[in-house]
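Below is one structure, written out as structure tokens; the observations come after it.
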Amino acid sequence: MHRKALVALPVFNEERHVIEVLTEVRKYAEAILVVDDGSSDRTPELLKEVSGIEVLTHPENRGYGAALKSAFDYAVAHQDEYDILVTIDCDGQHEPTLLPNLVQQMREQPADEPIDMLSGSRYLKQFDGASIPPEDRRQINVAVTRRINEQLGFDLTDTFCGLKAYRIEALAKFNVTDLGYAMPLQLWVQAAAHGMKIVEFPVPLVYLEEERSFGGSLDDAIKRKAYYDEVLDREMQAAGLTCCATDCCNDRTDSFSE
């Protein structure tokens, strides 16, 4: 049986965007999974109006990482149906037109040298009309990306983009425990520990709602950076990798990137 690529969208209070985004995603996706992370607005009702999609619902808001973990678990549990999982945010910051290219690039790889993770980068290529990122988020992205490259041996340009394609067999190797916005950092460390093949993919830089919150103290850039370093330290220690952050340079949503 031909396996499909599953496109997963983490959603939290996205009544402003969800119908428009899903309408576009349906044009390019082979199968769609929406993880509604405890939305309290009209999102659940709007999702019921959309046919041809699977919906997983968290009874209460658990976090961006938790929504992605549910998508991972679903994809692994249904790997007889799906060979690729693509994650895309539901706030309109990612272009669904890119989905076929992501899937094609994953499937074109030789069977003995597959890509485990194809990760979107907003800094690989300059697109016309690109947004200017908020300075604090750009600085954090640069600092965290530099640390990850130096300590894990990657050559990445963007470690926080939510548009990614994963080989389903590789997903089963991840152990996601951070349920918030630091969850992607766990993936980089675990990908390095498992020797996964990572390739970046250029995507436009788009910021539509810069005022969105990370939640509580994490809205403070200094505290957020310290938290990211703490997560990296903990994850690298758990993976048996050397780390030392000091030597290296409840209102939230589920579609947010540094």
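Close amide-amide hydrogen proximity is noted between Tyr82 and Lys4, each under 5 Å apart and 5 or more residues distant or on a separate chain (H modeled in the peptide plane; Pro and chain starts excluded).
Can you list the GluC sites (Glu not before Pro) in segment 79-183 that are in a DSSP coil and have 10 or fewer other beta carbons within 10 angstrom?
Sparse-neighbourhood loop GluC sites (Glu not before Pro): Glu108.
A probe of 1.4 angstrom, applied to the heavy atoms of all protein chains, finds Thr97 with accessible area near 70 square angstrom.
Close amide H partners of Phe201, meaning residues 5 or more places away or on another chain with modelled amide H under 5 Å apart, are Ser119, Gly120, Ser121. Taking all protein chains together, Ile115, Ile222, Ile19 sort by accessible area into Ile222, Ile19, Ile115, largest first [probe 1.4 Å].
Computing FRET efficiency as 1/(1 + (r/R0)^6) for Lys223 and His2, where r is the C-beta to C-beta distance and R0 is 45 Å, gives about 0.40.
For an R0 of 25 angstrom, estimate the FRET efficiency from the Cβ-Cβ distance between Asn101 and Asp155 and round to the nearest 0.05. So the FRET efficiency works out to roughly 0.75. Here the label points at Asn175 and Ala111, each 7 Å from Cα along the C-beta direction, are separated by 3.1 nm in the simple model. Couplings 3J(HN,Hα) of segment 136-150, computed from phi: 5, 5, 5, 5, 5, 4, 4, 5, 5, 4, 4, 4, 4, 4, 5 Hz, in residue order, whole Hz [Karplus 6.51 cos²θ - 1.76 cosθ + 1.60, θ = phi - 60°; x for Gly and Pro]. Whole-Hz Karplus values for segment 44-51 come out as x, 5, 5, 5, 5, 7, 9, 8 Hz, taken residue by residue from phi with 6.51 cos²θ - 1.76 cosθ + 1.60 and θ = phi - 60°; glycine and proline positions read x. Please tell me which of these pairs span more than 19 angstrom C-alpha to C-alpha: Lys197/Lys225; Lys69/Lys164; Lys4/Lys27? With Cα atoms farther than 19 Å apart: Lys197/Lys225. Near Val35, the amide H atoms lying under 5 Å from its own belong to Leu9, Val11, Leu56; only residues 5 or more places off or on other chains count, and H is placed 1.01 Å from N.
Computed from phi, the 3J(HN,Hα) profile of segment 195-205 under the Karplus parametrisation 6.51, -1.76, 1.60 (θ = phi - 60°) reads x, 6, 8, 10, 10, 9, 9, x, 9, x, 8 Hz, with x in place of Gly and Pro.
Over segment 14-123, what percent of the accessible surface lies on carbon and sulfur atoms, probe 1.4 Å?
On the way: 2150 of 4860 Å².
Of the solvent-accessible surface of segment 14-123, carbon and sulfur hold 44 percent.
Here r is the Cβ-Cβ distance between Val50 and Ala77 and R0 is 25 Å; the resulting FRET efficiency, rounded to 0.05, is 0.65. Potential lengthening of the chain between Ser40 and Lys27 amounts to 1.9 nm, from the contour at 0.36 nm per residue minus the alpha-carbon distance. Classify segment 1-41: rounded, prolate or oblate, from the alpha-carbon gyration tensor (a ≥ b ≥ c, eigenvalue square roots; a/c under 1.5 rounded; otherwise prolate if a/b is larger than b/c)? Oblate.
The values are calculated or read from the model by the stated rules, or taken from the named source; none is laboratory data. Given the structure is predicted, the values throughout are model-derived calculations rather than measurements. Backbone-built Cβ (ideal geometry, glycine too); neighbour counts: all protein chains shown. Surface areas here come from the heavy atoms of the whole protein model, side chains and all, with no ligands, DNA or RNA. Shrake-Rupley method; radii C 1.70, N 1.55, O 1.52, S 1.80 Å.
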